[in-house]
Amino acid sequence: MLGFPAVIQTCLPRRAVGRTRLQVSELGLGAASLGNLYRPMSDAEAHETLDAAFNEGIGYVDCAPYYGFGLCEQRVGEGLKGREGIVVSTKVGRLLEPAPGVVDDSERFGFRSALPFTPVFDYSYDGVMKSWESSLQRLGVARIDMLYVHDIGRMTHGYRHPERLQQLIHGGGLRALAKLRAEGQIDAVGIGVNEVQVCLELMEEADLDVILLAGRYTLLEQKALDVLFPECARRGTSVVIGGPYNSGILATGTRSDVVPRFNYEVAATDIVFRVRRLERVCREFNVPLPAAALQFPLAHPQVASVIPGLGGSEQVAQTMTYYRTRIPAEFWQELRSQNLIHEAAPLPAAQT
Ligand SMILES: NC(=O)c1ccc[n+]([C@@H]2O[C@H](COP(=O)([O-])OP(=O)(O)OC[C@H]3O[C@@H](n4cnc5c(N)ncnc54)[C@H](OP(=O)(O)O)[C@@H]3O)[C@@H](O)[C@H]2O)c1
């Protein structure tokens, strides 16, 4: 590495990924923001965000080709230079095709990236292999630890879901992933989705080490407890929690100076009311809402890591404070007694 000794990562507590040898830090970095999700970020800001996160001991970063159409992976690759021991996941299911008409960073699919590529779904054998190889090159690494099948499911594909699922199952996408894992090119295979149903469908077809479940096990929603998490426990599949703030509202709360976002849209009134009830309990116990949102999913034994989207080194610093905030057991009991969390949800242990 050009004469520089690699920085050996000091790491937050790690948890195992399924039955693999891989361990991820229980707090990870969701890097969609580094692909300029909703707002542009400079290369320097992206680099500072990664440096801040790695220096704090965050040892796991999640990317995707889709995030800024290659931008996120390029930036993460730069940030990894000279560091060892950071676990990296990226995704398959979309290829990036040249888009010569792109001339600036006008918003496309939510991203403000000027890279002249456009995403095209492809869950076939060749599509998965090509996506993996392209990710290796954008990241500038010889090996990627985990690959998730990105956004398979009805929420993304609507009436075309059966066709896409067919392509993944019978068109060789799953076979390609199993081959990469069997050859030792990757350690873990998973899916990265915002919905529960497709997780159950795919667990019947594939040996998944991990599910990246975004927005569906948070302080606002815990239906995953009913069937999905017990099934994961039975099969030895870990869960990584994406979108722990449900894309914004559990970080910002219902303050009047921001438009609260829930699931990537303006939050509906019933969600705002529910967050206000959470905020009342937070005020009573002097607990920041985002601290509770971050720590809640980590109490579930199936959860390997929680990966908030972090846009800037200040947000990294704030996140570390939320992660370390001491929350009394009575706070969680109060949420439960007010039916604000599922009665079966494991509650975080009080820190001493
Ligand atoms: N299908 C999939 O595989 C999938 C889907 C969704 C997410 N994910 C993964 O999960 C990660 C996180 O998801 P997400 O970014 O969608 O949602 P999220 O973590 O629930 O929310 C991120 C938003 O919260 C706000 N935020 C974060 N920290 C904050 C702080 N300290 N103070 C104030 N606001 C703060 C930021 O808003 P501002 O931008 O306004 O600062 C940010 O955009 C993604 O990066 C990705 O890695 C995967």
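The values are calculated or read from the model by the stated rules, or taken from the named source; none is laboratory data. Predicted, not measured: the structure shown is a model, and the values here were computed from it. Positions of Cβ are generated from backbone atoms using ideal geometry, with glycine treated the same way; all protein chains shown enter the neighbour counts. Calculation scope for accessible area: heavy atoms of the full protein, side chains included, ligands and nucleic acids excluded. Shrake-Rupley method; radii C 1.70, N 1.55, O 1.52, S 1.80 Å.
Points to keep in mind about this one:
- Check on L37, within 14 Å of the chain's Cα centre (by Cα) and among the hydrophobic types (A, V, I, L, M, F, W, C): yes
- Any hit, the range 251-272, residues being open to solvent by 50 Å² or more (accessible area, probe 1.4 Å), part of a helix (DSSP H, G or I) and out of contact with any Phe, Trp or Tyr (no Cβ under 9 Å at 6 or more places or on another chain): yes
- Taken as a whole, the range 166-174 holds no residue that is open to solvent by 80 Å² or more (accessible area, probe 1.4 Å) and within 14 Å of the ligand (Cβ to nearest atom).
- A count restricted to the range 38-69 and to residues that are farther than 18 Å from I86 by Cα, of a type outside the set (S, T, Y) and buried (at least 24 other Cβ atoms within 10 Å of the Cβ) stands at 3.
- All positions within the range 334-350 that are assigned to a helix (DSSP H, G or I) and either in contact with a His (Cβ under 8 Å, 6 or more places away or on another chain) or more than 15 Å from N286 (Cα to Cα) (or both): R336, S337
- Conditions (1) touching a residue at least 40 places away in the same chain (Cβ under 8 Å); (2) open to solvent by 20 Å² or more (accessible area, probe 1.4 Å); number of the one not met by I186: (2)
- Output for the range 301-311, where each listed residue is among the aliphatic types (A, V, I, L, M), near the ligand (Cβ under 10 Å from one of its atoms) and part of a strand (DSSP E or B): V306, I307
- Single residue of the range 238-274 satisfying the filter (in contact (Cβ under 8 Å) with a residue 12 or more places away in the chain and small (G, A, S)) that is farthest from C199 (Cα to Cα): G253
- Considering residues of the range 136-167 that are touching a Leu at 6+ places or on another chain (Cβ under 8 Å) and among the small types (G, A, S) only, the residue farthest from G79 (Cα to Cα): A142
- Test: K81 is without any contact (Cβ under 8 Å) to a residue 40 or more places away in the chain, charged (D, E, K, R) and under 26 Å from V189 (Cα atoms): no
- Answer residue from the range 218-239, given it is surrounded by 21 or more Cβ atoms within 10 Å (Cβ to Cβ) and part of a loop (DSSP other than H, G, I, E, B) and is farthest from the ligand (Cβ to nearest atom) among those: T237
- Candidates are the residues of the range 95-130 that are open to solvent by less than 30 Å² (accessible area, probe 1.4 Å) and part of a strand (DSSP E or B); the one that is nearest to L34 (Cα to Cα) is F111.
- Which numbered condition L228 fails, given (1) at pLDDT 95 or above; (2) touching a Gly at 6+ places or on another chain (Cβ under 6 Å): (2)
- Matching option when the condition is charged (D, E, K, R), out of contact with any Asp or Glu (no Cβ under 9 Å at 6 or more places or on another chain), touching a residue at least 60 places away in the same chain (Cβ under 8 Å) and away from the ligand (no atom under 15 Å from the Cβ), among D122, D105: D105
- The listed residues are G242, G215, and the only one of them that is at positive phi and within 16 Å of the ligand (Cβ to nearest atom) turns out to be G215.
- Set E279, E284, E314: member being within 11 Å of the ligand (Cβ to nearest atom) and either aliphatic (A, V, I, L, M) or modelled with pLDDT of 95 or more (or both): E314
- Restricting attention to the range 312-331, the residues that are open to solvent by less than 10 Å² (accessible area, probe 1.4 Å), under 27 Å from V193 (Cα atoms) and in contact with a helix residue (DSSP H, G or I) (Cβ under 8 Å, 6 or more places away or on another chain) add up to 3.
- Scanning the range 200-217 for residues that are surrounded by 23 or more Cβ atoms within 10 Å (Cβ to Cβ) and among the hydrophobic types (A, V, I, L, M, F, W, C) gives L208, V210, I211, L212, L213, A214.
- Test: residue in the range 23-37 that is modelled with pLDDT of 95 or more, within 13 Å of the ligand (Cβ to nearest atom), open to solvent by 30 Å² or more (accessible area, probe 1.4 Å) and more than 26 Å from A182 (Cβ to Cβ): yes
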